[in-house]
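Here the structure comes first, spelled out in structure tokens, and everything after it is commentary.
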Amino acid sequence: MCGVAGIVSTSPPDPGHVREMCRLIAHRGPDGEGYHVDAHAALGMRRLAIIDVAGGDQPVYNEDGTVAAVFNGEIYNFVELRDRLIARGHRFTTGSDTEVLVHLYEDHGEDLVEHLRGMFAFAIWDAARRRLLLARDRVGKKPLYYRQAGASLAFASELKALVADPSVSRELDPVALHHYLTYQYVPAPWSIYLGIRKLPPGHLLVWQDGEARLRRYWKLDFTPRPVGSEREAAERARQLLLDATRVRMVSERPLGAFLSGGIDSSAVVAAMARLSDRPVKTFCIGFDDQRYDERSYAASVARRYGTDHHEFVVVGSSALEVLPTVARHFDEPFADSSAIPSFFVAELSRRHVTVVLNGDGGDECFGGYRRYAFMKRVGRMQPPERLRGLLDRIGSALAQADTTPRLRRVGRGIRLLGETPQHRYASLMSHFSDEGKNALYTEAQHERVAGIDSNDLIRHVFDTSAADEDVNRLMDVDVNTYLPGDLLVKVDITTMAHSLEARSPFLDHHLMEWAAGLPGGWKVDGQVTKALLKKAMVPWLPSELLHRPKAGFGVPLADWLRCELRPLAYDLLTDHTARARGLFRPDVVRGLLQDHSEGRDRSNLLWSLLQFELWQRTCAEQSWDTACAVSQPAQGHCG
């Protein structure tokens, strides 16, 4: 696991700049560094040593030194690939997984990615052809950013390494901001900076003599496939999960697991316990608010498998303290509030281990989100045209009313009934609605994003999916949007901030490809989500865990924004610096703050605005005011 960076050009690149890029991402690889420099390429990396700790330094080279590679990630089938390549006459000088890349490239060119089982972002420089190959893993576990300027191309694992170049403009991309407010993350291929792009999951970029081309090499196929009985499928799910877990337990450094108390992380811990001859180290985050605390469920799994269990409780004051640090690590606005507990559980885990396994991807493979059940319940219901306007007005009134959260949810549901399935799901996944953004934007910002519809990103995947059932179409959407844009970014950034490697058995592409072809009714059965996985886990997990409602990895955000974080939110969102940006109408921002203080939940909207402003000050402008960062919790007016 590492951080990578580099520059290729038709003229000699500056190796000193690549060294500075690597210095800025040293947290991704504190164990060493390595560089390759020639007339047209400068490649660098920072290493977190996991495999072949003693001898696996990078860059790695082919036999004659004409092909070099730097690599971030893990290739889980590297032993099998290495044996095959040796049989074909290739010579290896290390025992690392990285070295298979240069030899696979010699045999297969850019098609080498078809042979890889793992998570990765890598760069291969072919000096003889003056060709750079950049690749990102199938689902987007590992990040890769790039910037093309004339005949040069620069790349890095994190944005901070690219914007360190003084010649790079830090100009905000207004379309990226527009999408961010909808989804709470900046979706690929955009980055928050104009001119810098994300390499999308499952894509390659080939640069040669100043020209670049991009192509997609993998997409999860949801075409229905023949299946046996549900009993056979449950057994197959266990087998695939065990195999995916087994290959992810190869490590020369201490290894453990995140254990949230949900089915997915618990299933991974159960698989690890079956494969290990010693107690698994498990790590759990809780809250002092019982509504969000799942430690008791995690503890029940820990007891069942005799794990070496560790816990940490997050409170609002601790969240306040780490906000600037978290914003600096993300490099662009990111408003999934579960990044806060993710940051703390990574910090806790790193005190004990270097590698953790987690349950990411279980929901997207087996249908775990409650929104899937809602969408299945309403189906393709389409009320007559004359009723749609009425439903929209009634639903909007209830959703915005000063009433209970439950009634607001009912209002939102009524409003969604009047939409097509793809529009309905896009609305469910939106935070700021189109109307909300229209009210928020200044006239200048309106003009910058005129004609741009963020919901098209979801609707396009829904409409082009090979699935024949809406439940599977929704999972196709999430695998292409929410999973790589939100969940995987959150885990990568928060773990690598602490030099911790995270591995995800449910995101093994063999398991994902098998699960994608299963009937949607086996995944969401009425109101039961993840139905097949729950059946598969009956022999492994306590029944009370299998049958409890899904809780998610939420935080008491609404309460924090009325108490510990309230002064910070007011300070950052209403001061002269924020108003002077000319992006948002100050009266609308103040209205959201006031609404929330008076009991109407605007926490998700405020959190999006707050994270944007934190990004501006900590990353884009690097002008964070220390006094503001340590604003004291409100006294006497929490609630």
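The values are calculated or read from the model by the stated rules, or taken from the named source; none is laboratory data. Quantities reported herein were computed from a predicted structural model and do not represent experimental measurements. Cβ atoms come from the backbone with ideal geometry, glycine included; neighbour counts cover every protein chain shown.
So is VAL322 assigned by TED's automatic domain parsing to the domain that holds THR245, of a type in the set (Val, Ile, Thr), within 19 Å of PRO143 (Cα to Cα) and in a helix (DSSP H, G or I) or not? Spell out the reasoning first.
On the way: assigned by TED's automatic domain parsing to the domain that holds THR245: yes; of a type in the set (Val, Ile, Thr): yes; within 19 Å of PRO143 (Cα to Cα): no; in a helix (DSSP H, G or I): yes.
Spelling it out, it is not the case that VAL322 is assigned by TED's automatic domain parsing to the domain that holds THR245, of a type in the set (Val, Ile, Thr), within 19 Å of PRO143 (Cα to Cα) and in a helix (DSSP H, G or I).
I'd like to check something: does the stretch 453-463 contain any residue that is crowded, with 20+ Cβ neighbours inside 10 Å and of a type in the set (Asp, Glu)?
no
Among the residues of the stretch 579-597, write down those that are touching a residue at least 60 places away in the same chain (Cβ under 8 Å) and in a helix (DSSP H, G or I). Quick ask: steps written out before the conclusion?
From the stretch 579-597, those touching a residue at least 60 places away in the same chain (Cβ under 8 Å) are 582-585, 588-589; that's our starting set.
Result: VAL588, VAL589.
Would you check if there is a residue in the stretch 10-29 being assigned by TED's automatic domain parsing to the domain that holds TRP207 and assigned to a strand (DSSP E or B)?
Scanning the stretch 10-29 turns up no residue that is assigned by TED's automatic domain parsing to the domain that holds TRP207 and assigned to a strand (DSSP E or B).
Among the residues of the stretch 337-362, which ones are in contact with a Gly (Cβ under 9 Å, 6 or more places away or on another chain) and either within 15 Å of ASP478 (Cα to Cα) or part of a helix (DSSP H, G or I) (or both)?
Residues satisfying the conditions are PRO341, SER349, GLY362.
Answer with yes or no whether ASP463 is out of contact with any strand residue (DSSP E or B) (no Cβ under 9 Å at 6 or more places or on another chain), part of a helix (DSSP H, G or I) and more than 30 Å from ARG351 (Cα to Cα). Please lay out each step first, then the result.
Working: out of contact with any strand residue (DSSP E or B) (no Cβ under 9 Å at 6 or more places or on another chain): yes; part of a helix (DSSP H, G or I): yes; more than 30 Å from ARG351 (Cα to Cα): yes.
It is true that ASP463 is out of contact with any strand residue (DSSP E or B) (no Cβ under 9 Å at 6 or more places or on another chain), part of a helix (DSSP H, G or I) and more than 30 Å from ARG351 (Cα to Cα).
List the residue pairs whose Cβ atoms are under 6 Å apart, where the first residue sits in the stretch 290-315 and is under 20 Å from VAL268 (Cα atoms), the second is assigned to a loop (DSSP other than H, G, I, E, B) and at pLDDT 95 or above, and the two are 6 or more positions apart or on different chains.
ALA298/LEU259; GLY306/PRO279; THR307/PRO279; THR307/VAL280; ASP308/PRO279
Can you spot a residue in the stretch 539-550 that is closer than 25 Å to PHE432 by Cβ and within 26 Å of the chain's Cα centre (by Cα)?
yes
Please go through the stretch 412-452 and pick out each residue that is hydrophobic (A, V, I, L, M, F, W, C), under 20 Å from SER608 (Cα atoms) and surrounded by 14 or more Cβ atoms within 10 Å (Cβ to Cβ).
ALA426, LEU428, MET429, PHE432, ALA439, LEU440, VAL449
If you check every pair at least six apart or on different chains, which have Cβ atoms under 8 Å apart with a residue in the stretch 560-578 that is on the phi < 0 side of the Ramachandran plot and part of a helix (DSSP H, G or I) first and a residue that is crowded, with 17+ Cβ neighbours inside 10 Å and of a type in the set (Asp, Glu) second?
LEU572/GLU613; LEU573/GLU613; ALA578/GLU613
Quick one: how many residues across the stretch 17-38 are out of contact with any Lys or Arg (no Cβ under 9 Å at 6 or more places or on another chain) and either within 15 Å of LEU132 (Cβ to Cβ) or of a type in the set (D, E, K, R) (or both)?
Summing the residues that are out of contact with any Lys or Arg (no Cβ under 9 Å at 6 or more places or on another chain) and either within 15 Å of LEU132 (Cβ to Cβ) or of a type in the set (D, E, K, R) (or both) in the stretch 17-38 gives 6.
Inside the stretch 237-295, can you point out the residues that are closer than 30 Å to GLY56 by Cβ and among the aromatic types (Phe, Trp, Tyr)?
Hits for the stretch 237-295 are PHE258, PHE283.
Restricting attention to the stretch 174-191, which residues are in contact with a helix residue (DSSP H, G or I) (Cβ under 8 Å, 6 or more places away or on another chain) and either modelled with pLDDT under 95 or assigned to a loop (DSSP other than H, G, I, E, B) (or both)?
Of everything in the stretch 174-191, those that are in contact with a helix residue (DSSP H, G or I) (Cβ under 8 Å, 6 or more places away or on another chain) and either modelled with pLDDT under 95 or assigned to a loop (DSSP other than H, G, I, E, B) (or both) turn out to be GLN184, TYR185, VAL186, PRO187, ALA188, SER191.
So SER499 passes all but one of these: (1) touching a Gly at 6+ places or on another chain (Cβ under 8 Å); (2) under 30 Å from GLY73 (Cβ atoms); (3) crowded, with 20+ Cβ neighbours inside 10 Å. Which condition number does it fail?
So SER499 meets the others, but not (3).
Scan the stretch 243-265 for residues that are of a type outside the set (Gly, Ala, Ser), surrounded by 20 or more Cβ atoms within 10 Å (Cβ to Cβ) and in contact with a Ser or Thr (Cβ under 6 Å, 6 or more places away or on another chain) and report the count.
Residues that pass the stated criteria total 2.
Could you run through the stretch 140-161 and say how many residues are crowded, with 24+ Cβ neighbours inside 10 Å and hydrophobic (A, V, I, L, M, F, W, C)?
Total satisfying the criteria: 5.
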